[in-house]
Amino acid sequence: MAKNAAKRVTGEEIWLDGKFVKWADANVHILTHTLHYGLGVFEGIRCYQGVDGRSAIFRLKEHVRRLFDSAKINLMQIPYSPAEIEAACCEAFVRNHLAAGYVRPLAFIGDGAMGLHPGENPVRVAVIAWEWGKYLGDEGMAKGIRAKISTFARHHVNSKMTNGKTCGDYVNSILAKREALLDGFDEAIMLDTQGLVSECTGENIFVVRDGRIKTPPLHSILDGITRGCVIEIARDRGFDVAEATLTRDDLYVADEIFLTGTAAELTPVREVDHRPIGEGKRGPVAEELQKAFFDVVTGADARYARWRTFIA
Ligand code: PPE
């Protein structure tokens with residue numbers, strides 16, 4: 001299997017339009033509008049087994065809120081309440097016998113009319129949970145990954161609507177990701193239409209230099225929930241964290257770079273465009289924040305217990 005190759009996901013039950021159905025029965029019609037035009041919104045949320053053995057979803061409310069924000073931006077009316085989606089996320093882990101994993105709420109436009117205007121086609125919702133290991137590999141977590149600056153620009157802010165997590169926007173990410181893998185790298189770093197550093201294909205980016213941590217402002221990036229957590233955790237540990245515009249060469253001369261995201265958690269970057277970052281391995285700040293992050297998500301650090309929702 002090629003490095004970073006995606007693994008087939010399977011399970012027992014999926015929540016579809018208000019009820020759990022067998023995994024194999026969670027199908028849609030070929031005229032499903034989202035399949036043709038990409039208008040849909042989604043979330044990705046992790047559940048961790050805590051140090052006490054109990055499983056808790058990390059920042060569930062914030063993710064579900066962002067799902068509804070994404071829908072609003074895209075003029076989609078989700079026919080369920082946030083509480084119903086939260087409950088479905090929790091139950092999806094229980095029904096699939098998962099103590100830890102990832103859950104994907106997806107709101108999409110169903111079949112009916114064709115053409116760009118979705119007409120009266122129903123807004124449908126699925127909630128799917130599966131087991132997901134380290135997004136950028138175990139080795140990437142320990143040693144850092146190799147990244148390249150993408151030749152694909154991040155969408156202009158008036159096209160991306162950065163507060164939304166919209167299905168169709170991810171074509172841009174897929175182009176960049178495949179280019180990076182074909183060129184022998186693990187991940188792509190994307191510049192915005194002005195040429196400033198924005199984010200990666202599915203992660204936010206941080207730079208460390210002289211002990212100070214910097215991350216791009218929210219102009220052309222998704223307002224990552226992990227990004228927000230890491231900023232808060234780092235500040236609580238006494239780090240100076242600032243939002244700052246960053247150029248490509250700011251990356252080259254950084255002491256450390258790391259990425260954050262629900263799937264990627266906190267992954268160090270050891271090389272960008274063939275330039276080793278710092279000593280070319282996971283740096284001390286990334287290592288400290290990685291450990292701190294896992295203490296938070298597993299409840300070992302009780303100060304952040306408010307971010308965890310127990311599933312049963
Ligand atoms: N930027 C983008 C473009 C992005 O897709 C994500 C999440 C982030 C930043 C980090 O956001 P947050 O998860 O709230 O910290 N990417 C999701 C999709 C991964 C996938 O391959 O699917 C994720 O991490 O769940």
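Axis of helix 82-95 versus longest Cα principal axis of the chain: the two differ by about 80°, to the nearest ten degrees. Carbon-plus-sulfur accessible fraction, the stretch 183-312 (probe radius 1.4 Å, protein heavy atoms only): 47%.
Compactness check for the stretch 157-305: Cα Rg over 2.2 N^0.38 Å is 1.01.
Using the average count of surrounding beta-carbon atoms within 10 Å as a protection proxy, the listed peptides 204-213, 75-84 rank, highest first, as 204-213, 75-84.
The mean sequence distance of close C-alpha pairs (under 8 Å, at least 6 residues apart), as a share of the length of the stretch 2-121, puts its relative contact order at 34 percent.
Taking 19 Å as the cut-off, the amide N atoms of the stretch 159-194 that come nearer than this to a point 7 Å along the Cα-to-beta-carbon line of Lys143 belong to 181-188. Evaluating 6.51 cos²θ - 1.76 cosθ + 1.60 at θ = phi - 60° for every residue in the stretch 6-14, the Karplus couplings come out as 6, 9, 5, 9, 8, x, 9, 9, 10 Hz, glycine and proline recorded as x. For the chain, a crude dipole built from +1 on the beta carbon of Lys and Arg and -1 on the beta carbon of Asp and Glu, taken about the Cα centre, is about 180 debye to the nearest 20. Helix-only arithmetic for the chain: the sum of -39500 (n - 2.57) across DSSP H runs with n ≥ 4, divided by the residue total, places the mean residue ellipticity at 222 nm at -8000 deg cm²/dmol. Here the ratio of the Cα radius of gyration of the stretch 1-77 to 2.2 N^0.38 Å is 1.40.
Coupling constants for the stretch 301-312 follow from the phi torsions by the Karplus curve (6.51 cos²θ - 1.76 cosθ + 1.60, θ = phi - 60°), and in residue order they are 9, 6, 5, 10, 4, 5, 8, 10, 10, 5, 7, 7 Hz; glycine and proline get x. Remark on the stretch 184-263: hydrodynamic radius 12.8 angstrom, per the Kirkwood mean of 1/r across alpha carbon pairs. For the chain, the longest principal axis of the alpha carbon atoms and the long axis of helix 170-182 meet at an angle near 50°.
I need the trypsin sites (Lys or Arg not before Pro) found in the stretch 93-181, filtered to DSSP loop residues with at most 14 other beta carbons within 10 Å of theirs. Answer in residue order: Lys134. Annotation: lysines with alpha-carbon distance below 16 angstrom to Lys134 (same-chain offsets under eight excluded): Lys3, Lys7, Lys143, Lys291. Across the chain, the relative contact order, built from alpha-carbon pairs under 8 Å that are at least six residues apart, equals 20 percent. How large is log10 of I(q)/I(0) for the stretch 69-218 at q = 0.17, 0.20 Å⁻¹ when the intensity is taken from the Debye formula with one equal scatterer per alpha-carbon? These q points yield log10 I(q)/I(0) values of -1.21, -1.30.
Dividing the alpha-carbon radius of gyration of the chain by the rule-of-thumb value 2.2 N^0.38 Å gives 0.99.
The values are calculated or read from the model by the stated rules, or taken from the named source; none is laboratory data. Keep in mind it's a predicted model, so treat the numbers as computed, not measured. Cβ coordinates were reconstructed from backbone atoms using ideal geometry, including for glycine residues, and neighbour counts include every protein chain displayed. With ligands, DNA and RNA removed, areas are computed over all heavy atoms of the protein, side chains included. Shrake-Rupley method; radii C 1.70, N 1.55, O 1.52, S 1.80 Å.
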